[in-house]
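Notes follow once the structure below has been shown.
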Amino acid sequence: LSQPTKATAGFCPGIVTKDKVFLDRGNIITDTDNQPTITNEIKAHLFWMAKHPLKKGDRLLFKCSTQEVPCEVKEFKKIMNSSTLEEQKKQQMENREVADVIIKTDEDIIIEDFNKTPELGRFVLEQGAVSAGGIITEVEK
């Protein structure tokens, strides 16, 4: 058998480690020299798609890669009309608006700036169904 050097979608790899490692769904294996950030606070660009408004403190499900964790919007930094790109002076997002936000998750998650690692830098938010999509814009180490 040949030794694969990478895995792609649809491939189910197995790995062997020196020590016993117990992994759960959502765990991410990384290179020790290039570890992503572990945090519970995320700075992101968000596009709101739900028909009802998004308000500060609203509870949602944050999904990034294989991770799923409850979260809330901690702060709106800037809200813009996606058609006119006019900045809106308000504290809730309406359908088809974009915003710079800070999201706080209930547990630590593994993330990365979208420009560095897209797979760990994009996410969706759900309230029963997909309500928003976004990218992580800044990661503090």
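Output the residues belonging to the range 20-77 that are in contact with a helix residue (DSSP H, G or I) (Cβ under 7 Å, 6 or more places away or on another chain) and at positive phi.
Listed by number, the list holds a single entry, Ser65.
Looking only at the range 74-106, count how many residues are within 13 Å of Gly134 (Cα to Cα) and surrounded by 14 or more Cβ atoms within 10 Å (Cβ to Cβ).
Residues that pass the stated criteria total 7.
If we keep just the residues of the range 115-140 that are surrounded by 13 or more Cβ atoms within 10 Å (Cβ to Cβ) and polar (S, T, N, Q), which is nearest to Arg59 (Cα to Cα)?
This residue is Gln127.
When the residues of the range 26-64 are narrowed to those that are open to solvent by less than 70 Å² (accessible area, probe 1.4 Å) and part of a loop (DSSP other than H, G, I, E, B), which ends up modelled with the lowest pLDDT?
Per the stated criteria, the residue is Gly26.
Quick one: Ile102 ticks every box in (1) within 17 Å of Ser65 (Cα to Cα); (2) modelled with pLDDT of 95 or more except a single one, so which number is it?
It is condition (1) that Ile102 fails.
Could you check Ile109 against (1) in a loop (DSSP other than H, G, I, E, B); (2) open to solvent by less than 60 Å² (accessible area, probe 1.4 Å); (3) closer than 28 Å to Thr17 by Cα and say which number it fails?
Checking Ile109 against (1) in a loop (DSSP other than H, G, I, E, B); (2) open to solvent by less than 60 Å² (accessible area, probe 1.4 Å); (3) closer than 28 Å to Thr17 by Cα, the one that fails is (1).
I'd like to know if the range 78-87 contains one or more residues that are in contact (Cβ under 8 Å) with a residue 40 or more places away in the chain and assigned to a strand (DSSP E or B).
For the range 78-87, residues in contact (Cβ under 8 Å) with a residue 40 or more places away in the chain and assigned to a strand (DSSP E or B): absent.
Please name all residue pairs, on different chains or six or more residues apart, with Cβ atoms under 6 Å, provided the first residue is in the range 119-131 and is in contact (Cβ under 8 Å) with a residue 12 or more places away in the chain and the second residue is of a type in the set (Asp, Glu).
That search, which allows pairs on different chains as well, returns Leu120/Glu112; Gly121/Glu112; Gly121/Asp113.
Against the condition more than 25 Å from Gly128 (Cα to Cα) and of a type in the set (Ser, Thr, Tyr), how does Thr37 come out, does it pass?
It is true that Thr37 is more than 25 Å from Gly128 (Cα to Cα) and of a type in the set (Ser, Thr, Tyr).
The values are calculated or read from the model by the stated rules, or taken from the named source; none is laboratory data. The shown structure was predicted, so the numbers you read here are calculated from the model rather than taken from an experiment. Note that each Cβ is placed from the backbone with ideal geometry, even for glycine, and that neighbours are counted across all protein chains shown. Just so you know, the surface numbers come from the protein's heavy atoms only, side chains and all, with ligands and any DNA or RNA stripped out. Shrake-Rupley method; radii C 1.70, N 1.55, O 1.52, S 1.80 Å.
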